[in-house]
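To start, the structure under review is shown below, and the notes come after it.
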Amino acid sequence: MSKIKQSTEIATNRYKAKPIFAEEKKFIESRLPQIAPLPDACWIYGGNTKTVWVDLYSSQYLLKFKVENGGEFSVLKDNRSLFKDYTPVSLKDTLECEKERVNNLYNKCVDRLSNYVKNNPQKIYKINHSGGKDSELTMAIWNDMLDIIGFTPDYEFVFFNTSNETADVYKRIKQIPNIRIVNPKTGWRQWIQDKNYMLPSVFRRSCCSVYKEGQAQKVFDKEAEIAQVLGIRKFESTKRAKYEFFMDYDFDKSLFGFSCFPKKWIKLAPIIDLQNVDVWLLLMIKNLPINQRYLNGASRVGCVICPYSSNYEDELIKIHQPHQYEWFVKAAQQQYDITTAKRLGYTKQEWIDGAWKRPVCKNNDFLKRQPTKENVRWYAELKGLSENMAQKYFNRVCGNCGCAMKENQIAMFYKLCGRFENKPDNREVLCAKCFCKQFGITIEEYRQKNIEFIEQGCNLF
């Protein structure tokens, strides 16, 4: 008797899963030969740590594995023995089982969009397409909506070219009739070089604002009543959790405190309420195009080099986009050599392998050691600080709340309040939260100043 139970509904921990297609199956088996062969039609989810399920309904996952910086794969949990007598729900049966449910969701998306367009025929509609799955579904919803409303509004499909896409993305975009391709004046690589190899990071993604939001404001009339139709979903991230179908200038201001778009523009998100698994089911049920990057194993389609890509996807890029990856390695080496990256405590290889994505100091654990002469001297040489200044970083806690201070927060305190080198200094350093409260600034303002100081090359950071 099987130890694994089978539900009649999709398990909640499967909502973010994607199918494992044949190409990705081969890739996983090549990196983890001890688990080969992997069953057909599995589902997968995760970033650096991946969970694999045999179907959407089983009570337990099949296996879990992790990918380290640099591409080392390791199995964390192997549950295959539990599935010895279990019969997985096939992909064909899954699509049949979920067909009515997801088609109802799809029709609701079409109806909501058609109601808005019928009531706002004067708007100029820009349907954004990135080449990814959410864009494909949004475009299908828009086309089905046109058949319902009985008239053709002023609209166009638009692709904002970052110049950091894959050939698979460009191939798909060129297949869409009459799509408007907005090309940048300066390519992404040149932009990186012009910025002295300051690569994007999870703290600083100005490439998105430059090549996407920024491009829209350059090419669209700011005084026109423009409605951008976007393939965004609230389940994609915590940042988008509060997004709604209709978002205008006032919505942005209430949510973020500002809006980067003109007052007359609005955003519509037809698939805002759909889960990731719903999108995949609809793509397969409706036989919509699936980008080759997904077939290879990527969970997202967009820039090849992105700080939000996982170690797993980096390994896919090495295989399928070797020339783009080779260029990036050279750029990361340049950044390490000519910027402050090395002062964060990483080796050049660690930086290339992924430390560039989240450039926080590796030295926090080191700073918990005793401030012996040797430790202080090593840290002073690494950062380019005087030994007097370097000593101030060791074993610091917030003078207000008592929490252990991170290196970056110590640097922010001395940058904003003065170093007091070689002078009596009895001040208590403050963590980010306590600093903002005491000096009346927001966490976002604090974060932006932090980025500014790092980019300036201040050796406190």
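Quick notes on this structure:
- Taking amide H atoms as placed 1.01 Å from N in the peptide plane, the amide H of Y61 has no partner under 5 Å among residues 5 or more positions away or on other chains.
- In the chain, Cα pairs under 8 Å separated by at least six residues give a relative contact order of 14 percent.
- Think of a 1.4 Å ball rolled over the protein heavy atoms: the chain then has 49 Å² of accessible area per residue.
- Across K133/K348; K357/K449; K99/K123; K5/K26, pairs whose alpha-carbon gap is larger than 30 Å: K133/K348; K99/K123
- Overall form of the stretch 150-256 per C-alpha gyration tensor (a/c, 1.5; a/b vs b/c): oblate
- Scanning the chain for long hydrophobic helices, with DSSP H runs required to stretch 27 angstrom or more by C-alpha along their axis and to average at least 1.6 on the Kyte-Doolittle scale, returns nothing.
- Restriction of the trypsin sites (Lys or Arg not before Pro) in the stretch 200-297 to DSSP coil positions whose beta-carbon has at most 10 other beta-carbons within 10 angstrom yields K239.
- Cα gyration tensor category, rounded, prolate or oblate, for the stretch 78-185 with a/c compared to 1.5: oblate
- Counted over the chain, the DSSP beta bridges are approximately 55% antiparallel.
- Across the chain, counting alpha-carbon atoms alone, Rg and Dmax equal 25.2, 79 Å.
- Label-zone membership for the stretch 54-87, site Q6, 7 angstrom Cα→C-beta point, backbone N under 14 Å: 54-60, 83-87
- Ligands, DNA and RNA left out, the accessible area of the chain computed with a 1.4 Å probe is 48% carbon and sulfur.
- With both labels modelled 7 Å from their Cα along Cα-to-Cβ, the K423 to N287 distance reads 7.6 nm.
- Antiparallel DSSP beta bridges within the stretch 74-208, percent to nearest 5: 10
- 5 angstrom amide H check on V158, placed H, neighbours 5+ away: I127, N128, H129, R180
The values are calculated or read from the model by the stated rules, or taken from the named source; none is laboratory data. Not measured: the values here are computed from a predicted model. Cβ coordinates were reconstructed from backbone atoms using ideal geometry, including for glycine residues, and neighbour counts include every protein chain displayed. Calculation scope for accessible area: heavy atoms of the full protein, side chains included, ligands and nucleic acids excluded. Shrake-Rupley method; radii C 1.70, N 1.55, O 1.52, S 1.80 Å.
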